[in-house]
Every structure is written in structure tokens, then in C-alpha cells.
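The values are calculated or read from the model by the stated rules, or taken from the named source; none is laboratory data. What you see is a predicted model; the values in this text were computed from it and never measured. Here Cβ is always computed from backbone atoms with ideal geometry, including for glycine, and neighbour counts include all displayed protein chains. Ligands, DNA and RNA are stripped out before the accessible areas are found, and what is left, the full protein with its side chains, is counted by its heavy atoms. Shrake-Rupley method; radii C 1.70, N 1.55, O 1.52, S 1.80 Å.
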Amino acid sequence: MNILCTSLYEQQLKTILENFAVEDLTATKKFKLYLDTILINLPTKANKYKKAQLFDDEDIKEIAHEDFNILFFIDKISNNYLILAILPKN
């Protein structure tokens, strides 16, 4: 089981981290470290996350982290987790 990230997710995360770093570098590092921990543990905890509200697909789920939702897709065919995007909560 692999965890893969889309280029959209990587670009969104980069922008978020750059904006955070302007205000508080220590908080930015903590945010990124916690986010990495969530993603590393995804294979063992994917079922605990709810279905994404934006999609009508049980294999697309979202993780709430601070003021953001991280969308991911469980690809059962290739046996991968694909991190799709990180979006601000509404």
C-alpha cells in the first residue's frame, strides 16, 4: 500500500506553508509534522475518516486538520492511497 500525492495537493500545501511561515515558523513546522503523521498512518486508519462531502463516492474521504480538509482516494485496484487536495474548511 503506497501513499501518493497529486501535484495539486503538493502545490496547495506549499502555498499554505509559505503563508503560515510568514506569521509563525514554529507553528508551520508543527502543522507540517502533524500532517505528515496523519498521512503516514493513513493505511491503518483510513476507515475512520468520513466520506468526502464534495463527492458521491465512498472511496473519496476527507481528513479534518485544523482549518483544512485533506481529500484522499482509496484506489482498491492499485492498492494505493492518493492524496488529492488540501482545502480550507467552509
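Within region 46-63, is there a residue that is of a type in the set (S, T, N, Q) and under 14 Å from the mean Cα position of the chain (by Cα)? The answer is no, given that none of the residues of region 46-63 is of a type in the set (S, T, N, Q) and under 14 Å from the mean Cα position of the chain (by Cα). Consider region 52-75 and keep the residues that are of a type in the set (F, W, Y) and open to solvent by less than 70 Å² (accessible area, probe 1.4 Å). The one that is nearest to K89 (Cα to Cα) is F68. Among the residues of region 18-48, those identified as open to solvent by less than 70 Å² (accessible area, probe 1.4 Å), touching a residue at least 12 places away in the same chain (Cβ under 8 Å) and within 13 Å of H65 (Cβ to Cβ) are F31, K32, L35, I38, L39, L42.
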